[in-house]
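A.B. asks: This is the structure I want to talk about, given as structure tokens.
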């Protein structure tokens, strides 16, 4: 058995998961007090949106931070939160320029998110780790407990939007979030154009449907590439797969985001691309997606 | 609680996980008989290599199937196996042209892998699912049990190599495999060149080190792109990150694989690219990586 709790949690005041919950019982193993706290915290957040995918590496975190930045920039400054629910590979802090920060404890034992540009409030496992090398070698039940604590014990405050970045697949973390936030507005599903990715994204759609969570829509990421030297349009990972899956399974299609090397540079430098490259085709494509999500949420 | 076991397992004779193991106890919760069976099965396989990553979508499955094909093509026909240990997003069957196949039961209740080209023996959760849409909504302990069954209850036979494709991160599946196969030869770590991916790959390296598993080396995938129209060299996801991480953490660097749209087409059509595009720079780069892995394993 690997127990890295001491290493992971020593630098903060976060309560470490204390018991050994059994398989599916974790949501119910929370104390009544914790359940009430979670309900109360979540009731102060108007809209909760999870970003999921079937396969990893399709750009979920990139989509999450750019959705957060887009909403924050468009009239919701200080009213947007991001929960990075990827326990093993938390990327959100780096993408928002918040590496090295820690969650801040209040006098009464509460914890506050780290606040970035446009007042975006971020909670991530990364803020609890001593360094980049430290892995979180945890089985599912511990991951469920930490997500529960992230939702119930963090002072998120009054927010208009909480975007939740989930790890790929349909295991512990996505299941935990859906069960812990029964009034979630819906999920945004990110996929790549390739058929291999499409096959897996269908599982994510069925997952949402089986749990009764609305599918806000599918985004096809890394869709096509324009050579910056000669202007040739190249389909590196093919194109059109996201729309086909959306039609096949009768869920809304939100649009496609072309490959743009500037996105990788922006992500690495901690700046959401929507806040920088305002004239690029990628930013325009993303703006159309944001508009569709607003229509779904009935917000401006 | 979501219980999709019936749907997932109804089409085969596989024994469904029967009990509710507690958190970290799963490896020890196996019966003595099952442990002996696993040990016996694994003793007939000369080399066991796991392919891991920090982040998802870096091309782990592509690397796995091409390693398997490369070894099978180079004198080990009928002697190579692939365990697809990605329970939520199994991609290996599609990449090897084995979609729609099922595990085959023997008269005495044993199960056999599906055999593909060059006699590659494949076991995947995909062979147990009724269709692509069916998600596996399982928490960690169930995933551990199925991996245990894949190793102990499948008639793998005498193999020279077993390549194990693991989902990203350092959670239940990788931990289970490392604990269940204590004599594993080592792990091949796949990363992308971007800094975001590098930060997470360090966790995978530390994970292997903490578990005492040798790191065979790091592969930098999707490293650079040559425009097929004008020949311009473009670093879509940047380049050089894999080598830097290898140097930083003192582990071997196996080489880089450039982006090649043909790989995506091959993966979707079920053909390992090493078996097709024999003159491309990608295949040459991969051949050098295979040579280094052979040197590590001391095989020809």
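The values are calculated or read from the model by the stated rules, or taken from the named source; none is laboratory data. Nothing here was measured: the structure is a model prediction, and the numbers come from that model. Virtual Cβ from ideal backbone geometry, glycine too; neighbours counted across all protein chains shown.
A.B. asks: Can you confirm whether residue A:135 is touching a helix residue (DSSP H, G or I) at 6+ places or on another chain (Cβ under 6 Å), within 9 Å of another protein chain (Cβ to nearest Cβ), in contact (Cβ under 8 Å) with a residue 12 or more places away in the chain and surrounded by 24 or more Cβ atoms within 10 Å (Cβ to Cβ)?
C.D. replies: Answer is yes for this residue.
A.B. asks: In addition: Mind checking which residues of the stretch A:170-200 are surrounded by 23 or more Cβ atoms within 10 Å (Cβ to Cβ), under 26 Å from residue A:151 (Cβ atoms) and in contact with a strand residue (DSSP E or B) (Cβ under 8 Å, 6 or more places away or on another chain)?
C.D. replies: Hits for the stretch A:170-200 are A:174, A:177, A:178, A:187, A:188, A:189, A:190.
A.B. asks: For the subset of the stretch A:66-95 comprising residues that are within 22 Å of residue A:257 (Cα to Cα) and under 10 Å from the mean Cα position of the chain (by Cα), which member is modelled with the lowest pLDDT?
C.D. replies: Here the residue is A:91.
A.B. asks: Residues in the stretch A:82-90: is at least one touching a residue at least 12 places away in the same chain (Cβ under 8 Å) and surrounded by fewer than 24 Cβ atoms within 10 Å (Cβ to Cβ)?
C.D. replies: Scanning the stretch A:82-90, I find no residue that is touching a residue at least 12 places away in the same chain (Cβ under 8 Å) and surrounded by fewer than 24 Cβ atoms within 10 Å (Cβ to Cβ), so the answer is no.
A.B. asks: Additional query: Going residue by residue through the stretch A:180-200, is there one that turns out to be more than 7 Å from chain B (Cβ to nearest Cβ), over 16 Å from the mean Cα position of the chain (by Cα), closer than 30 Å to residue A:281 by Cβ and part of a loop (DSSP other than H, G, I, E, B)?
C.D. replies: Within the stretch A:180-200 (the criterion being more than 7 Å from chain B (Cβ to nearest Cβ), over 16 Å from the mean Cα position of the chain (by Cα), closer than 30 Å to residue A:281 by Cβ and part of a loop (DSSP other than H, G, I, E, B)), the answer is yes, since at least one residue qualifies.
A.B. asks: Report, by residue number, each residue of the stretch A:139-170 that is within 12 Å of another protein chain (Cβ to nearest Cβ) and within 15 Å of the chain's Cα centre (by Cα).
C.D. replies: A:166, A:167, A:168, A:169, A:170
A.B. asks: Return yes or no: is residue B:126 within 14 Å of another protein chain (Cβ to nearest Cβ) and assigned to a helix (DSSP H, G or I)?
C.D. replies: When the stated conditions are applied, residue B:126 passes them.
A.B. asks: Within the stretch B:101-114, does at least one residue satisfy the condition of being within 23 Å of residue B:38 (Cβ to Cβ), at pLDDT 95 or above and within 17 Å of the chain's Cα centre (by Cα)?
C.D. replies: yes
A.B. asks: Specify which of the listed residues (A:276, A:247, A:229, A:288) is free of Cβ contacts under 8 Å to residues at least 60 places away in the same chain, under 20 Å from residue A:95 (Cβ atoms) and surrounded by fewer than 18 Cβ atoms within 10 Å (Cβ to Cβ).
C.D. replies: Going through A:276, A:247, A:229, A:288 in turn, the sole match is A:276.
A.B. asks: Consider the stretch A:17-65. How many of its residues are part of a helix (DSSP H, G or I), within 14 Å of another protein chain (Cβ to nearest Cβ) and either under 14 Å from the mean Cα position of the chain (by Cα) or modelled with pLDDT of 95 or more (or both)?
C.D. replies: 6
A.B. asks: Moving on to the next point. Specify which of the listed residues (B:245, B:265) is within 14 Å of another protein chain (Cβ to nearest Cβ), part of a helix (DSSP H, G or I) and modelled with pLDDT of 90 or more.
C.D. replies: Unique residue meeting the criteria: B:245.
A.B. asks: Only one of B:154, B:146 is touching a residue at least 24 places away in the same chain (Cβ under 8 Å) and surrounded by 21 or more Cβ atoms within 10 Å (Cβ to Cβ). Can you tell me which?
C.D. replies: B:146
A.B. asks: So which of B:98, B:67 is touching a residue at least 60 places away in the same chain (Cβ under 8 Å), touching a strand residue (DSSP E or B) at 6+ places or on another chain (Cβ under 7 Å) and surrounded by 24 or more Cβ atoms within 10 Å (Cβ to Cβ)?
C.D. replies: Every option except B:67 fails the conditions.
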